[in-house]
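Participant: Submitted below is the structure of interest, expressed as structure tokens.
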Amino acid sequence: MTKKRLTYFFILLLLLLWQDTTQTLQAQSIKTTISSNNILIGEQIRYEIIIQLASDEYKVDFGIPDSIPHFDIIHQQQYDTANGNVGYLLRQHILLTSFDSGVWKFPAFPITVSAPNKASMQLLSDSFMVQVGYLPADSTGQLRDIKPVMEVFVVNRTWVFIGIAFIVTLLLGIVLYRFLKKQFSKPTPLFKNSVSAYAEAMQSLKELQMPNARDAASVKVLYSSLTYIFKKYYSRKNNRNLLSKTSGEVLLLLQTQVSSTNLVAKAAQLMRSSDAVKFAKYLPDDIENEQMLELTKLLISELEKRIQI
């Protein structure tokens, strides 16, 4: 082989290697975008991944996990493809939200690109930070009328009950006593009530007693009662028992029935505050307790206007 032919051979070999390297670099082009990184609780984020490939022979596997801390994936559609100016474009859209207030990191996840008779390539999507918050507090300082706390007169019926139990035991015996005790201990059916769900909820809220802010036990009872009244009202409106559902499950159902992020944020504030009092040993003051009671009334009233089930 002459020197001239050897030179041509090396030039051709370099051209082939350069073409293969160019195709590989084209297949590694990846871009991610998000609609917003500062949202209110329950608002949605649109996350888009764009991958540029050398040709349509490449196959892509998105390693998106089933669960992501502090985020809920609402919808993940099948990726679509299109011919771009250079190569072949593949797009993946993900719709997600969050019900945890704070600043959270949406992690990167692996993306595998492969083609027949070629080694697969491992890419990483971009990670990003998201700030999740509540609605801003009312800073106008405007006074609003509220109903005064009702004084409740409690009668001590201990000795009356003891006397009745003693008479019943003597006359009817242990069999009749157990029968009556069983009948009295039966819980009221959840969905069988002579009044509407809204009227029952308003009456229950009206009968609540505002606790002493220094008494942690009574404050826990108040917040547990507020959450129970809201869940029972919402259960009756949906004709299904939601009392045992988690806060996240109730909020996801609520988000599918109402389009107002304001209502979803109020419901999230109620249940997060209740969880903080019950589990985080947070003790709010009297003003916060009254504000939470008013928030529950407003939430149920607005839901009554919007939800027709």
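The values are calculated or read from the model by the stated rules, or taken from the named source; none is laboratory data. Note that the structure is predicted; figures quoted are calculated from it, not measured. Cβ: placed from backbone, ideal geometry, glycine included. Neighbour counts: every protein chain shown. Ligands, DNA and RNA are stripped out before the accessible areas are found, and what is left, the full protein with its side chains, is counted by its heavy atoms. Shrake-Rupley method; radii C 1.70, N 1.55, O 1.52, S 1.80 Å.
Participant: I'd like the FRET efficiency for Ala280 and Ala82, computed as 1/(1 + (r/R0)^6) with the beta carbon distance as r and R0 of 45 Å, rounded to 0.05.
Facilitator: E(calc), rounded to 0.05, equals 0.35.
Participant: Still on this structure, I have one more. Extension gain Ser114-His75, at 0.36 nm per residue separation less the Cα-Cα distance, in nm?
Facilitator: 11.5 nm
Participant: So for His75, His93, what's the accessible-area order with a 1.4 Å probe, most first?
Facilitator: Output order, biggest surface exposure first: His75, His93.
Participant: Same structure again: Per-residue accessible area for Arg272 at 1.4 Å probe radius, Å² rounded to 10?
Facilitator: The value for Arg272 is about 60 Å².
Participant: Something else: How large are Rg and Dmax for the range 67-117 when only the alpha carbon atoms are used, in Å?
Facilitator: 15.2, 48
Participant: A further question follows. What are the residues whose amide H is under 5 Å from the amide H of Ser29, where those residues sit 5 or more places off or on another chain and H is modelled from the backbone?
Facilitator: Gln52
Participant: For the range 106-121 and the range 193-258, what is the separation of their Cα centres, given in Å?
Facilitator: Computed from Cα coordinates, the inter-centre distance equals 48 Å.
Participant: Under 5 Å between amide hydrogens, which residues at least 5 positions from Leu124 or on another chain qualify, with H placed 1.01 Å from N in the peptide plane?
Facilitator: Under 5 Å from the amide H of Leu124 lie the amide H atoms of Ile111, each far enough along the sequence or on another chain.
Participant: Find how much the distance from Glu294 to Ser67 grows on full extension, using 0.36 nm per residue of separation minus their present alpha carbon separation; answer in nm with one decimal.
Facilitator: 78.2 nm
Participant: A further question on this structure: Calculate, for Ser35 and Ser196, the FRET efficiency according to 1/(1 + (r/R0)^6) with r their C-beta to C-beta distance and R0 51 Å; round to the nearest 0.05.
Facilitator: Given R0 = 51 Å and the Cβ-Cβ separation, E is 0.80.
Participant: In the range 89-105, whose amide N lies under 13 Å from the spot 7 Å out along Cα-to-Cβ of Ile50? List them in ranges.
Facilitator: Under cut-off, by backbone N: 89-93.
Participant: I want to make sure I understand the PRE zone here: with the label point 7 angstrom from the Cα of Ser218 toward its beta carbon, which residues in the range 255-287 have backbone N atoms less than 12 Å away?
Facilitator: Within reach of a label on Ser218: 286.
Participant: Taking amide hydrogens as modeled 1.01 Å from N in the peptide plane, which residues meet the under 5 Å criterion relative to Leu40, leaving out close sequence neighbours?
Facilitator: Gly133
Participant: Here's something else I'd like to know. Stokes-Einstein D for the range 201-277 at 25 °C, 0.890 mPa s, Kirkwood Rh over Cα pairs, in µm²/s?
Facilitator: 185
Participant: Among the listed pairs Lys231/Lys278; Lys182/Lys206; Lys245/Lys278; Lys237/Lys297, give every one whose C-alpha distance is greater than 21 Å.
Facilitator: Beyond 21 Å between Cα atoms: Lys182/Lys206.
Participant: If you plug each phi of the range 239-255 into the Karplus form 6.51 cos²θ - 1.76 cosθ + 1.60 with θ = phi - 60°, what whole-Hz ³J(HN,Hα) values come out, in order, with x for Gly and Pro?
Facilitator: The phi angles translate into 6, 8, 7, 10, 5, 8, 6, 6, 4, x, 5, 5, 5, 5, 5, 4, 5 Hz.
Participant: May I pose another question? Sort Ile174, Ile51 by accessible area with a 1.4 Å probe, largest first.
Facilitator: If we order Ile174, Ile51 from most to least accessible, we get Ile174, Ile51.
Participant: Now for a different question. For the range 27-68, would you read off the P(r) tail past 15 Å as a percentage of all alpha carbon pairs?
Facilitator: Here the tail beyond 15 Å accounts for 59 percent of pairs.
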